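For reference, the structure discussed in these notes is given below.
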């Protein structure tokens, strides 16, 4: 079963199986994090504009060009299967963690 393609609202930016397209799916490149391609089964998410993207403990603020580690208390946050992102990318929920600043900082959710 193929993974679902994660798309920006206009379809220009697409993520699927460790690959990224910035031209409506015409061409695809590997997603490179820490100098190497990511595994095809890593969880992915993006904002409606595509500017903010999330991938297994990393966040991009520039359409997937560069990636920063997500941490809380100095420990990396791994992407939970229940990742969600607001349309504008400002609020990101990674399992038990939440960010209100585009993934710059995270804190534990209070339920």
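General observations
- In this structure, residue 6 does satisfy being touching a strand residue (DSSP E or B) at 6+ places or on another chain (Cβ under 7 Å), crowded, with 18+ Cβ neighbours inside 10 Å and at negative phi.
- Selected residue [closer than 18 Å to residue 104 by Cβ, at pLDDT 85 or above and in contact with a strand residue (DSSP E or B) (Cβ under 7 Å, 6 or more places away or on another chain)] from 60, 86: 60
- Figure legend. Inter-residue proximity from the range 94-108: first residues at pLDDT below 85, second residues part of a loop (DSSP other than H, G, I, E, B) and surrounded by fewer than 12 Cβ atoms within 10 Å (Cβ to Cβ), beta-carbon distance below 6 Å, spacing 6+ or different chains. Indicated pairs: 95/82; 96/109.
- A single entry from 98, 93 fulfils the requirement of being more than 12 Å from the chain's Cα centre (by Cα) and outside any loop (DSSP other than H, G, I, E, B): 98.
The values are calculated or read from the model by the stated rules, or taken from the named source; none is laboratory data. Computed from a predicted model, the values in this text were never measured in an experiment. FYI the Cβ positions are ideal-geometry reconstructions off the backbone, even for glycines, and counts take in every protein chain you see.
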